[in-house]
1. Somewhere in segment 14-24, is a residue aliphatic (A, V, I, L, M) and either outside any helix (DSSP H, G or I) or closer than 15 Å to I101 by Cα (or both)?
2. From the list G36, G7, G43, G26, exactly one residue is touching a His at 6+ places or on another chain (Cβ under 9 Å) and crowded, with 18+ Cβ neighbours inside 10 Å. Which is it?
3. Given (1) under 18 Å from Y220 (Cα atoms); (2) under 18 Å from the mean Cα position of the chain (by Cα); (3) of a type outside the set (D, E); (4) in a helix (DSSP H, G or I), identify the lone condition not met by P31.
4. Can you name every residue in segment 198-212 that is among the hydrophobic types (A, V, I, L, M, F, W, C) and over 17 Å from I224 (Cα atoms)?
5. Residues A190, A205: which one is at pLDDT 90 or above and within 19 Å of the chain's Cα centre (by Cα)?
6. Of the residues A58, A93, which single one is closer than 30 Å to V136 by Cβ, without any contact (Cβ under 8 Å) to a residue 60 or more places away in the chain and part of a helix (DSSP H, G or I)?
7. Residue under question is L63, and the condition is that it be in a helix (DSSP H, G or I), modelled with pLDDT of 95 or more and either closer than 30 Å to I5 by Cα or among the aliphatic types (A, V, I, L, M) (or both); does it hold?
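The values are calculated or read from the model by the stated rules, or taken from the named source; none is laboratory data. All values derive from a computational prediction rather than experimental measurement. All Cβ positions, even for glycine, are placed from backbone atoms using ideal geometry, and neighbour counts span all protein chains on display.
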Amino acid sequence: MEILIYGAVNSMVFMLLAAGFALVYGVSRIPNFAHGAVYVLAGFLTWSFLNDLKLPYALAILLSLVVSALLGLLIYRFVLIRLRGMPTSEIIASFAVSLVILEGLRLQGIAGFKGFIGPFYSLPPFFDAKINIAGVFVDFQRLFILGIGSLILLAIYLFTHYSKTGLKLRAIAQDEQAAMMLGIHPDRTAMLSLALGSALAGMAAVLVLPLGNLAVEQGYHVLIRALAVCIVGGLGSWAGTILASLVLGYTVIISSTLLGTVWESMVLVGTIILILLLKPSGLLGKQKELEERV
């Protein structure tokens, strides 16, 4: 029962960490390597608004999400728009932005900014309580991750399938040339996707960070996990992203329970390699298989 409950929570964490990256790549085919940096920045801004400006928690979260969305918009408008269609350059440029943000925060912390990189700074849980489910004690923050994460997935589905703006995003993702002929502006939709993806990264931060401490290194860890989920599931496939989150989430929790947390990273990487060896395009990817490309 413990594996079942905590595996579900772990899977939803993987899903939240990867949702923004998957949305951006699925719509605009841009690999946003600044995703992890936006995650850490959103957590830092929420902590700063809460502790330095003494704002209410809900307002601090809202402001950090707005700043995250604006940052994603600016990254595309002033950096990635000039590199559209050049995947290697997009990766290098977005990762450079990530380094500027993360290492800038690290230097700010070293300079004495409230000990930001110290071990005792974290976001408070929404409710500091636990509940007994079938003999397993689960804190409310993890239940919030499951509940709000499910609502976020539902909201993304409804937005992309039933709103005019969401249908434009799907049209660009399916056939950019045909969408342009119908009057849909590719740069505007890509800018919107970066803004939404960054907001999703910020939402993941405010949900997940209360489970641990705030640190610069988490930006790199989040990026790696988001990439792992999207690659295993199949780049551009939302169903694959969800399936990969379940596979990786339960793999990590089972390995931690049976073998200990020391083996967690090794088992995670091994699972990724095994899946890609068996199906190089990902679980539900639509790219050509390895034998078709060789």
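1. Start the filter on segment 14-24 by keeping residues that are aliphatic (A, V, I, L, M), which leaves 15-19, 22-24.
Those left that are additionally either outside any helix (DSSP H, G or I) or closer than 15 Å to I101 by Cα (or both): none.
Taking every residue of segment 14-24 in turn, none turns out to be aliphatic (A, V, I, L, M) and either outside any helix (DSSP H, G or I) or closer than 15 Å to I101 by Cα (or both).
2. Values: G7 fails: touching a His at 6+ places or on another chain (Cβ under 9 Å); G43 fails: touching a His at 6+ places or on another chain (Cβ under 9 Å); G26 fails: touching a His at 6+ places or on another chain (Cβ under 9 Å).
Just one listed residue meets the conditions, G36.
3. The failed condition is (4).
4. At the first step, the residues of segment 198-212 found to be among the hydrophobic types (A, V, I, L, M, F, W, C) are 199-201, 203-209, 211.
Residues satisfying the conditions are A199, M203, V206, L207, L211.
5. Working: A190 fails: at pLDDT 90 or above.
A205 is the lone residue from the list that is at pLDDT 90 or above and within 19 Å of the chain's Cα centre (by Cα).
6. Working: A93 fails: closer than 30 Å to V136 by Cβ.
None of the other options fit; the residue is A58.
7. Details: in a helix (DSSP H, G or I): yes; modelled with pLDDT of 95 or more: yes; either closer than 30 Å to I5 by Cα or among the aliphatic types (A, V, I, L, M) (or both): yes.
Yes, satisfied.
So that you can scan it fast, the table gives a plain yes or no per residue for (1) touching a strand residue (DSSP E or B) at 6+ places or on another chain (Cβ under 6 Å); (2) among the hydroxyl-bearing types (S, T, Y); (3) touching a residue at least 60 places away in the same chain (Cβ under 8 Å); (4) surrounded by fewer than 20 Cβ atoms within 10 Å (Cβ to Cβ):
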| position | (1), (2), (3), (4) |
| --- | --- |
| Y162 | no, yes, no, yes |
| M203 | no, no, yes, no |
| N213 | no, no, yes, yes |
| H221 | no, no, yes, yes |
| V252 | no, no, yes, no |
| E264 | no, no, no, yes |
